[in-house]
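The values are calculated or read from the model by the stated rules, or taken from the named source; none is laboratory data. As the structure is a prediction and not an experimental result, all values here were calculated from the model. Note: ideal-geometry Cβ built from the backbone for every residue, glycine included; neighbour counts use all protein chains shown. Each accessible area value is taken on the protein alone, full model and side chains, heavy atoms only, with ligands, DNA and RNA left out. Shrake-Rupley method; radii C 1.70, N 1.55, O 1.52, S 1.80 Å.
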Amino acid sequence: MSYIYYPGCSLEASAIEYDASTRAVMHALDIELAEIEGWSCCGATAAEPVSSLLSFVLPARNLALAEKMKQNFSVMVPCSACYLNLKKVEMEKKQNPSMSASIDECLAEEALKLEGKLKVRHLLDILANDIGADQIKNKVTKKLSGLKIVPYYGCQCLRPYPVFDDPEEPRSMEPLIEACGAEVFPWDMGAQCCGASNMNTKKSAAGKLVQKILKSAKGADAIVTVCPMCQLNLEGFQEELSRKAGEDLSVSVIYLPQLLGMAMGISREELMLHKNLAVKELVLSY
Amino acid sequence: MKDTGSIKALLATCMQCGTCTGTCPNADAMDLTPRHLWRMVLMDRADEIFESQTFAYCSTCYFCTLKCPRGLPLTRAMSMLKEVAYKNDVKTFRKSGAFYGSFMESVRRHGRVRESEFMTLYFLEMKNPLLPFDFASLGLKLMSKNKVSFSLPSGADGRGQGNLDRIFKKVSEIENREEQMP
């Protein structure tokens, strides 16, 4: 199996461990990734308030570059914000011809054209549906017995396009976690918003959302994420939110492929567990 | 001009049920509830809309869009209000606007975002010497993990993917053209 790969800006910097662990797990599963040559930013959540058209053109540029590599293929996207932006263009291309014409006019500046022949897929979708828990289980060499995990999905891999999971009560991570020998710890915050896009400009509102999620995770050994924005938001503010709440809200936060990689016997160094901002000894001891 | 006509057209079938408010994780922090804001849009009350901070608090979780019984693209409407506020330099949106604008400026210059550069651009734009302290704690953590480095704002450096200047210019050109259409 092989996929076109769009890492996105975060995976080169604040989420470098998400990139490393994704590549390591795919390698272990004999899946080839072809990175889009010359890819650029998808616009994140910043393009849309600045210019609606720009928020379509930036992801479209990347899909057009990807089409030059292969057609009728899946593009794997690990970041949920990138995924939504790219997905939005895939959907809009089919539904809105006038927007499509403006996009083409902009892409022509770089002699690019979007045919709309690629399928944008989230990493979680591919892990859960193309690869599946059974194949992961076959590769597990070190069962993570007793490790209690809460799966956190966030928003943008589920909504507004519910293509691979229930957008309110997602479950797609559970079989993968169980395949590792770990336990799914029950909670109801998996699809709730962490407020990441507000953390920089409306910090107190975002802080409240993060606090609620961390409180609900009490009793679990780790939160598992599939988005660099969620990850940074949940791992980066634990001390100050604990102080505000008057209780210890610290908890390990790791990416899904890091968890899978641990069970598959991939080294901590390769999974870059030293790069996460909140990982406790207990998790590292596995 | 703060024109919300195209947003009003999107929301024409809103029946003011308030499901959007009920599903919004940030409704508590908003001065107008989302339902109230949509009412203002339907009544062309631009002053009230842009004196309000409500749209700036939308964290694009898409719950309202998912649950709206009329199937209205409410998150998209929030973003369209942000865009009108950004383009008209609306006072209540200036901080968010400076943040998004700095982010996109870094993308225009380099094709990919450079976190430390865009934060520096943001601080310069806001001209508030205390603002960087809001980010000091997280910034230090990221630096200690070697995830961001200090770099001064710079022009396109010709390395890697190059800049997106031509595409950005074309986008503005099309937007200006569409604005002039009746």
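Taken as a whole, the stretch A:57-73 holds no residue that is free of Cβ contacts under 8 Å to residues at least 24 places away in the same chain, part of a loop (DSSP other than H, G, I, E, B) and not acidic (Asp, Glu). When the stretch A:185-203 is filtered for residues that are closer than 14 Å to B:CYS24 by Cα and more than 7 Å from chain B (Cβ to nearest Cβ), the ones remaining, listed by number, are A:ALA191, A:CYS194. For the structure I just gave you, tell me whether A:GLU281 is under 27 Å from A:THR22 (Cβ atoms), surrounded by 20 or more Cβ atoms within 10 Å (Cβ to Cβ) and among the acidic types (Asp, Glu). Considered against the rule, which asks whether it is under 27 Å from A:THR22 (Cβ atoms), surrounded by 20 or more Cβ atoms within 10 Å (Cβ to Cβ) and among the acidic types (Asp, Glu), A:GLU281 comes out as no.
The residues on offer are A:GLY261, A:GLY246, A:GLY265, and the sole one that is touching a Leu at 6+ places or on another chain (Cβ under 7 Å) and of a type in the set (Gly, Ala, Ser) is A:GLY261. Residues considered: A:ALA28, A:ALA20, A:ALA44. Of these, the only one that is surrounded by 20 or more Cβ atoms within 10 Å (Cβ to Cβ) and more than 26 Å from B:SER172 (Cα to Cα) is A:ALA20.
Taken as a whole, the stretch A:226-243 holds at least one residue that is within 14 Å of another protein chain (Cβ to nearest Cβ), open to solvent by less than 40 Å² (accessible area, probe 1.4 Å) and not in a helix (DSSP H, G or I). Counting the residues of the stretch A:247-274 that are assigned to a helix (DSSP H, G or I) and open to solvent by 30 Å² or more (accessible area, probe 1.4 Å) gives 4. Can you tell me which of (1) farther than 14 Å from B:GLU105 by Cα; (2) open to solvent by 10 Å² or more (accessible area, probe 1.4 Å); (3) assigned to a helix (DSSP H, G or I) is the one A:ALA34 doesn't meet? Unmet condition: (3). Tallying residues that are out of contact with any helix residue (DSSP H, G or I) (no Cβ under 7 Å at 6 or more places or on another chain) and either modelled with pLDDT under 90 or hydrophobic (A, V, I, L, M, F, W, C) (or both) within the stretch B:111-132 yields 8.
Checked against the criterion of being surrounded by 20 or more Cβ atoms within 10 Å (Cβ to Cβ), over 16 Å from the mean Cα position of the chain (by Cα) and either outside any loop (DSSP other than H, G, I, E, B) or not assigned by TED's automatic domain parsing to the domain that holds B:PRO25 (or both), the candidates B:LEU124, B:LEU81, B:LEU138 yield just one match: B:LEU138. Scanning the stretch A:208-227 for residues that are within 15 Å of A:SER250 (Cβ to Cβ) and not β-branched (Val, Ile, Thr) yields A:GLN211, A:LEU214, A:LYS215, A:SER216, A:ALA217, A:LYS218, A:GLY219, A:ALA220, A:ASP221, A:ALA222. Being assigned by TED's automatic domain parsing to the domain that holds A:CYS155, assigned to a helix (DSSP H, G or I), in contact (Cβ under 8 Å) with a residue 12 or more places away in the chain and open to solvent by 20 Å² or more (accessible area, probe 1.4 Å) is the requirement here; does A:LYS218 meet it? In short, no. For A:LYS70, the stated conditions hold: it is more than 19 Å from the chain's Cα centre (by Cα) and basic (Lys, Arg).
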